[in-house]
Amino acid sequence: MVVGICVGETSLTEVTFISDKMPKVGEYVTMEYDGRTVLGMIENLIRGNDALNVDINDFKAIQKISRIGVEDNYIKGKVKILGDVNDNLKLPRTPVLPGTEISLADGDLLKEIFKIKNPIKLGCLVNQQDVEVNVDANPILSRHLAILAMTGAGKSNTVSVLIDQLLGYKVPIFVFDMHGEYKKAQFPNGEVNVIKPKINPRYMTFNEIKKLVNIPSNGYIQERHFRKAFNEARKRIEDGVAHTNNFLQIIHDILEISSKEEGSDKQIVDVMNKIDDSMDRYSNLFDQNIGNILSGIKMGYANVLDLSQVDESVASVLVSHILRNSLNRSKKAANAGDKKELLDNSVFFILEEAHILAPNRRDSDSKRWIQRVAREGRKFGLGLCLVSQSPKTVDHDALSQMNNMIILRLVEPEDQRHVQSASESLSQDLINQLPSLNVGEAIVLGLMSRIPTLVKIDEFKGRNHGDDMDIVSHFAVSLKKQEKELEDEENELLDMGYDY
């Protein structure tokens, strides 16, 4: 079906067209010229009337013209060129001829385009629901992904659909679950392995524990005493002569002996006090009886680290500890030339509330390791997915490393600008469509998709949490329950012979 004709000057990347019927933004079209068939996407549409221009200020004149000038209405649109369908969607080297007809793309052609070797089914085209939208799993795992949306736009549902599809390939997924949304989820393609937010201090690096103990960067004397005790504690554990498995307590006891030998050195006492404070403050984080937290990851499971009961500082410690260990483990396998072990250690990390864990204008340990995995992870089999409802507060460096994006409804202009500056393939016309997306609709772009796509994300049935609470119904039911209990009490008193 012909929807328009190219007009004006055309370029290798876009054309303008005039139509006598209203197509839809996001629809795919084809243009035949120079012996090729070129695919495009309608990114912008406007309606106008030359007779009813904004320079006319007389209401009665406008009213009169509107009665007789209906036929002067026009529809103008803009098409983004996506590529030659007969040449693997490579961009043509010659622009479209003005006067070329623009037709809606055939459904069979689109179905062929969305045939992928390792498909992840996200949903269907918003404008053609008989066409499934599949994206490629490998670029998601190796080139990272961002899922961005305002609150209530369908972000958690999208994450659940993605997890379930990846589980179909038995990919080990690790979710930093900030609100406990996924720990009770039921995925058709796999199971959930809940990991407790605990660390055994003996598997932490000197710098990690030093920061937890709060020894300042310029506290050279305190650092020297702490390092000496730290190394001695490690040696005692390795030699099997430690009197307890509490690593921090061993360090404390070593320092206490040193303090007595050196006449209650104030610097040593200060370090001991800081250790005492850390053991108290992080009592819910430390577990002396567990192994390395990475050993709890199960292949082919959704491994969910439940962070719903810990504060942001503890969450930051856990994120940095896990990402650092995972990256170092994979680097070690790569340096040893053990490709099988490298692939066995591959993990796809999903970070909910990325704006908390990788803030844009504040440093944190978790942010530094998120940046490192974003930059280096693809070389070592580590994938990363940043999820946020506040894109403008997500670290720009980390976000710009996400070569794939699923963007649901975004209304705030600053959020839109921040996302656009981090993505090379997000045009201003697509940005302008973000506020008009309905719940569950998204713009999908990046290496995982051959073409930018407007998708209606599938509704996932297996999750238990994440939706808005029905507060009104809750209190209405509670009130009815109270009234029923009061009525039962009154009836019981009447049965006992009491009369009101």
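The values are calculated or read from the model by the stated rules, or taken from the named source; none is laboratory data. This structure is a prediction, so every number in the text was calculated from the model and none was measured. Neighbour counts are summed over all protein chains in view; Cβ atoms, including those assigned to glycine, are modelled from backbone coordinates with ideal geometry.
For the reader, a short list of remarks on this structure follows.
- A single member of Lys111, Lys117 is without any contact (Cβ under 8 Å) to a residue 60 or more places away in the chain, within 31 Å of the chain's Cα centre (by Cα), within 30 Å of Val161 (Cα to Cα) and part of a loop (DSSP other than H, G, I, E, B), and it is Lys117.
- Of all residues in segment 412-451 being among the charged types (D, E, K, R) and in a loop (DSSP other than H, G, I, E, B), the one that is farthest from Ile81 (Cα to Cα): Glu412
- Top-ranked residue in segment 197-227 [being free of Cβ contacts under 8 Å to residues at least 24 places away in the same chain and in a helix (DSSP H, G or I); ranked as farthest from Asn292 (Cα to Cα)]: Tyr220
- Hits in segment 370-405 - residues which are farther than 16 Å from Phe348 by Cα, of a type in the set (Gly, Ala, Ser) and touching a His at 6+ places or on another chain (Cβ under 8 Å): Ser388, Ser390
- The residue list Thr30, Thr10 contains one member that is of a type in the set (Ser, Thr, Tyr) and part of a strand (DSSP E or B), which is Thr30.
- Filter result for the condition that a residue is closer than 22 Å to Asp429 by Cα and of a type in the set (Gly, Ala, Ser), over Gly35, Gly8: Gly8
- Within segment 120-137, the set of residues being buried (at least 16 other Cβ atoms within 10 Å of the Cβ), more than 27 Å from Ile5 (Cβ to Cβ) and either in contact (Cβ under 8 Å) with a residue 24 or more places away in the chain or of a type in the set (Phe, Trp, Tyr) (or both) comprises Ile120, Lys121, Leu122, Gly123, Cys124, Val133, Val135, Asp136, Ala137.
- Screening Glu414 with (1) over 14 Å from the mean Cα position of the chain (by Cα); (2) under 30 Å from Ala334 (Cβ atoms); (3) at pLDDT 90 or above gives one miss only, at (2).
- Considering residues of segment 52-82 that are surrounded by 15 or more Cβ atoms within 10 Å (Cβ to Cβ) and in contact with a Gly (Cβ under 8 Å, 6 or more places away or on another chain) only, the residue farthest from Ile18 (Cα to Cα): Leu82
- Residue count for segment 251-300, restricted to those that are of a type in the set (Lys, Arg) and closer than 21 Å to Leu318 by Cβ: 3.
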